[in-house]
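Taken together, the values in this text are just the output of simple stated rules run on the coordinates, not laboratory data. All of these numbers come straight from a predicted model, not from anything done at the bench.
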Ligand SMILES: C[S@@+](CC[C@H](N)C(=O)[O-])C[C@H]1O[C@@H](n2cnc3c(N)ncnc32)[C@H](O)[C@@H]1O
């Protein structure tokens with residue numbers, strides 16, 4: 001892309017919500033920000049909220065206060081959602097002092113259903129790296145809860161199909177005998193997604209301690225929305241949702257209450273728009289070590 005094309009691709013980025021903006025990124029408390037967005041305007045609310053585990057960007061609350069706050073954000077998110085829209089919450093486990101785990105999806109599910117939302121998938125996001133535990137099995141997954149307010153909702157499966165394992169397989173009997181049996185566009189990706197988490201030398205890593213990978217949110221956006229639809233992330237962090245929405249030609253609005261993160265989010269979206277942001281592409285195979293690597297052997 002030459003400099004002129006890059007300039008044309010740079011779209012106006014607002015700080016206050018306006019439905020005409022391609023991108024709105026604000027430094028704000030999420031409840032205050034969501035109130036700017038009209039009812040029935042949004043096709044997808046997708047986010048990874050603070051997990052209440054004492055990260056640098058959150059105030060640790062009692063469980064009761066944490067769930068009450070989540071309920072308020074969920075309620076506002078439902079208000080802005082279109083009837084055919086979707087809501088996706090990416091969550092992990094709370095770990096207490098006694099090393100007891102509390103899966104946040106288990107805890108939050110009752111809140112979602114109290115608003116009459118219907119759970120469509122509980123997607124398991126599996127990754128291979130993280131803290132090593134010595135007194136229980138190391139945690140290697142988070143979950144994505146996908147809810148819809150209605151039984152009629154956007155689901156563009158063809159946008160996210162993955163290659164068939166045996167594309168050459170044919171029907172061996174019946175009227176279709178001899179024809180290929182699998183969909184030529186690929187198969188349904190299923191509800192277990194293996195995507196590396198953004199740690200250490202991942203190409204998408206910024207200063208944020210808990211980014212989600214762009215490929216993860218891009219898959220949700222492609223499947224659950226159409227071009228030019230509005231996608232909202234109330235806990236935007238460094239803008240992984242904004243980058244994915246911008247790459248897939250959706251409008252996006254999001255906020256984070258830490259201005260450094262919003263500044264990084266804006267810069268990442270600008271780089272994405274000019275084709276200069278390095279990302280790990282959706283569908284890229286998981287790294288397999290070179291069999292000759294010294295790291296595979298001990299003397
Ligand atoms: C798990 S991180 C989200 C990371 C994001 N998915 C990304 O890829 O960068 C949660 C974020 O919520 C922000 N946050 C916490 N409480 C907030 C609030 N009340 N309003 C807005 N943002 C908040 C934190 O600063 C943090 O960046």
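Need the C-alpha centroid separation for the stretch 206-254 versus the stretch 124-189, integer Å.
Using only Cα atoms, the two centres lie 20 Å from each other.
Computed on alpha carbon atoms, what radius of gyration and Dmax characterise the chain, expressed in Å?
For the chain, the Cα radius of gyration and maximum Cα-Cα distance read 20.5, 64 Å.
Which of 122, 227, 250 moves the most in a Gaussian network model of the chain with Cα springs under 10 Å?
Maximum among the listed residues: 227.
Given the -39500 (n - 2.57) contribution per DSSP H run of 4+ residues, what per-residue ellipticity at 222 nm results for the chain, rounded to the nearest 500 deg cm²/dmol?
Working: 7 runs with 75 residues, N = 299.
Rounded to the nearest 500, the figure is -7500 deg cm²/dmol.
At 10 °C and 1.306 mPa s, what whole-number value in µm²/s does Stokes-Einstein give for the translational diffusion of the stretch 205-277, with Rh from the Kirkwood sum over Cα pairs? Present the calculation step by step, with values, prior to reporting the outcome.
Details: Rh = 12.1 Å.
Translational diffusion coefficient: 132 µm²/s.
Identify which of 176, 65, 12 has the largest mean-square fluctuation in a Gaussian network model of the chain, with springs joining Cα atoms closer than 10 Å.
176
Compute the normalised compactness of the stretch 37-150: alpha-carbon radius of gyration over 2.2 N^0.38 Å, N being the residue count. Please report the intermediate quantities before stating the final value.
Working: Rg = 15.1 Å, N = 114, 2.2 N^0.38 = 13.3 Å.
Dividing the Cα radius of gyration by 2.2 N^0.38 Å gives 1.14.
Would you mind calculating the gained length between residue 16 and residue 122 on full extension (0.36 nm times residue separation, minus the Cα-Cα distance), in nm to one decimal? The partial results should precede the final answer.
Values: separation 106, 0.36 × 106 = 38.16 nm, distance 3.28 nm.
Stretched fully, the residue 16-residue 122 segment lengthens by 34.9 nm.
Would you mind getting the Kirkwood hydrodynamic radius of the stretch 168-295 from its Cα pairs, rounded to one decimal in Å? It would help to have the intermediate numbers written out before the result.
Working: mean 1/r = 0.0586 Å⁻¹.
Hydrodynamic radius (Kirkwood, Cα only) of the stretch 168-295 equals 17.1 Å.
Restricting to the stretch 3-296, what percent of DSSP beta bridges are antiparallel, rounded to 5?
Numbers: 18 of 39 bridges.
In the stretch 3-296, approximately 45 percent of DSSP beta bridges are antiparallel ones.
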